[in-house]
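See structure below.
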Amino acid sequence: MPTSQTEGLSITTCPICLEEFKTPKYLPCLHSFCESCLNSYIISALKKERRGKSGKTEFHCPVCREVVTPPVPSVKYQEWAQQFPSNHLLVALMDQIKLKAKVKLCDPCKSIDDAPAVSWCLDCNEAMCQNCTSVHKRQKMSREHVLKNIDEMQTIPLVTSLQMCENHKGKTVEAFCSDHNQPCCATCVAIHHRKCDHVTTLEEAARGILKSKDLSELLQRLKDTSTINQTLIKDKMENIKTLEDQKDRIEKELQNARQRVIENFDKQHSTFMKKFSQKHSTKIQEMTDSMKEIENRDKAIKNCTNLLEVSMTQSIETHVFLEMMKVIEKEEEQIKALEQIQTKHKRIDYDFKMDKDLDKLVSCFKTVGEVDIVEHSKSLTKSYPRMVGGTILKECLPNLVSSFSVRDKCGVNSYVFGMCCMSDNKLLLPLYNGNKLAVVNANGDPSKQINVKSSMFDVTVLDPNTAVSTHGGYNTTLSFINNQTLTVNKTIDLGVNCFAITCSDNKLYIACNYKLLILDNLGNKQDEIITTGYIYGITIVTQGEKKIVYTINDTNTCHFLRSSDLQEIHRFTHLELQNPWGVTSDREGNVYIAGCTSENVLQVSSDAILIRVLLSGLAEPRAILFDDNRDILFVSYGYSSNINIYNMIKQ
């Protein structure tokens with residue numbers, strides 16, 4: 001059975017037998033195998049799963065485990081392998097490798113002697129010596145074959161043979177139907193595509209494909225998808241290590257308590273550890289299974305990338321175009337699956353609660369504590385590569401799609417100093433002057449709002465169930481809020497005035513007067529940074545090297561800190577930026593700064609270089625938010641806090 005080691009194999013090596021392909025066949029997932037190897041695998045897999053007699057009409061790809069249905073499921077499963085299409089690219093590639101060998105031997109004579117080859121038959125795909133070449137030219141069946149000098153073949157493209165139609169035996173692919181995205185032979189056109197409006201010759205459809213933007217963008221999307229897969233896998237591995245470390249820490253904590261109450265503690269400790277280990281093993285197994293699924297999908301993506309890259313450098317345009325069409329179909333499936341995986345992707349921690357009476361009682365406690373599974377949404381280093389025609393955000397224009405007034409929608413005159421997106425794409429708005437917290441849709445219609453005891457300055461979503469808010473002014477508390485009910489679960493007094501807030505990787509970043517606090521997801525202080533003024537806006541750039549970015553209002557500056565060591569690496573200042581407030585970042589690492597007095601929004605690169613003045617003429621813009629899932633920019637401005645919503649469109 002192929003393993004992850006097959007990733008390093010040559011593209012001409014069968015993942016099953018680990019030898020050069022013999023009659024390569026490719027599956028719908030685009031993985032290829034020797035016909036005989038695939039046949040043996042199918043027979044073995046169905047027998048092993050006792051499906052041979054159950055009428056099952058599917059099997060799993062040996063590499064990526066995708067479910068595969070044969071072209072004609074009704075025939076015997078022993079004949080499924082031969083039904084799959086041949087991989088002409090691999091056949092031609094192996095021929096090219098033979099041609100590049102230092103010593104080229106005659107294929108018909110190799111079982112008899114080592115006669116040197118002097119020519120190559122394009123129809124037979126064989127090297128021939130001088131005698132075989134002469135015979136080949138004289139025989140009736142082969143006299144019309146095209147023979148080329150063996151050295152001349154070094155300059156001929158890898159794939160020169162005609163692509164055969166998969167639906168009509170003996171027919172060659174001659175056209176392409178853009179209405180159905182399908183290659184066609186003459187019979188296909190006459191029967192299935194005669195009413196289609198956009199049927200062209202294959203050469204015309206493929207013309208210029210090697211230099212086309214679509215091909216380069218497809219390759220980039222595949223590579224981006226692979227990067228996300230690797231990030232997910234890495235995060236799973238790191239999370240497993242973290243859970244193992246946390247498990248050890250919890251166990252040691254219990255062991256210390258055990259020393260004080262040893263006689264009665266042993267029984268409770270054993271019971272606890274059994275339940276905890278079962279819960280731990282279950283969760284680790286779930287994460288391992290999820291990681292394996294991602295690995296399998298990544299193998300499929302890398303295989304598509306490899307096929308395209310080889311085809312681009314070695315094939316003629318028609319074959320590249322056909323390979324591209326196959327890959328696009330698989331890409332859409334993989335990206336949909338990846339989007340579902342990303343939606344479900346959570347980081348997990350153990351939240352251990354030591355029994356309160358454990359230190360007081362020697363023999364009367366009934367339990368030693370509990371371990372809860374805490375899931376957190378995880379921000380990835382690189383966001384999901386949406387298929388939007390290669391949109392580059394710094395080249396897009398903001399298009400105003402809607403606007404609403406908080407006063408009209410929520411019934412209060414109030415500044416909006418902060419906001420955040422919830423999992424259902426609704427906005428969570430803290431209404432500073434109105435002492436309210438509201439959940440609104442894209443039109444500003446509130447689906448839920450509550451009165452709060454004190455004003456709220458900013459808010460961030462920590463996980464699917466929890467939001468955390470600051471209160472501004474002289475209020476030094478941090479509130480942990482239930483997202484569903486908007487009720488406050490707990491508060492923490494930080495002893496310093498708190499303003500802007502954001503979160504990333506289960507850490508909270510809180511802007512205070514003359515300092516920036518970093519807390520864990522439970523509110524425990526981890527670090528702090530002394531600043532030169534009040535911070536009213538903060539964001540985390542996760543593209544490339546992770547950065548903490550914040551604005552200082554009274555110095556008209558925006559500061560970029562390296563997350564790993566908290567050292568300032570860039571500082572942005574510009575005549576176009578006056579009195580900066582809110583700041584946000586997008587999936588490409590671009591930073592957006594709201595200039596309150598300059599009444600504009602600036603777009604700045606992740607290395608603090610002005611890209612452009614994105615918006616101007618806004619009255620005192622303050623809160624700003626970029627939604628990566630939809631490429632939408634939200635900006636609040638004015639005392640009554642109008643909120644504009646812009647989508648980013650290609651110029």
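A short reminder: the numbers here are calculations on the coordinates, not readings from a lab. Since the model is a prediction, treat every value here as computed from it, not as a measurement. Counting neighbours? That spans all protein chains shown, and the Cβs are built from the backbone with ideal geometry, glycine included.
Results, tabulated for the structure shown:
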item	result
Chain lengthening between residue 441 and residue 530 when straightened (0.36 nm per residue, less Cα-Cα)	28.3 nm
Helix axis angle, 317-344 relative to the chain longest principal axis, alpha carbon, degrees	30
Distance between the range 303-328 and the range 579-621 - C-alpha centres, whole angstrom	41
Alpha-carbon centroids, the range 242-257 and the range 177-232: separation in whole Å	55
Rounded to 10°, Cα long-axis angle of helix 262-314 versus longest principal axis of the chain	50
Tensor-based shape of the range 526-651 (alpha-carbon gyration tensor, a/c under 1.5 rounded, otherwise prolate or oblate)	oblate
Cα-Cα pairs of the range 449-576 separated by more than 17 Å (percent)	56
Unit charges on C-beta of K, R, D, E only; dipole of the range 438-584, Debye	200
From phi via Karplus (6.51, -1.76, 1.60), per-residue ³J(HN,Hα) for the range 575-591 in Hz, x at Gly/Pro	4, 6, 10, 10, 6, x, 10, x, 9, 8, 9, 10, 5, 9, x, 6, 10
Three-way shape label, the range 393-650, alpha-carbon gyration tensor, a/c 1.5	rounded
Helix-only mean residue ellipticity at 222 nm for the chain, each DSSP H run of n ≥ 4 adding -39500 (n - 2.57), per residue, nearest 500	-9500 deg cm²/dmol
Nearest-0.05 FRET efficiency for residue 336 and residue 649, computed from C-beta distance (R0 25 Å)	0.60
Label-point gap, in nm, between residue 555 and residue 433 - each point 7 angstrom along Cα→Cβ	3.0
Structure-derived Cα extents along the principal axes in Å - corresponding label in (i) 80, 71, 54; (ii) 100, 74, 47; (iii) 75, 54, 47	(ii)
Nearby lysines by direct alpha-carbon distance to residue 56 (threshold 21 angstrom, same-chain neighbours under 8 apart not counted)	47, 48, 76
Length released on extending from residue 514 to residue 392, taking residue separation times 0.36 nm less the Cα-Cα span	40.3 nm
Of 502, 191, 175, farthest towards positive along the dipole that unit charges on Lys, Arg, Asp, Glu beta carbons give the chain	191
Linear extension gain, residue 244 paired with residue 201, 0.36 nm per residue minus alpha-carbon span	9.5 nm
Theoretical FRET efficiency, 1/(1+(r/R0)^6), r = Cβ-Cβ of residue 149 and residue 72, R0 30 Å, to 0.05	0.10
Two-site label geometry, residue 141 and residue 113: point separation in nm, points 7 Å out along Cα→Cβ	2.5
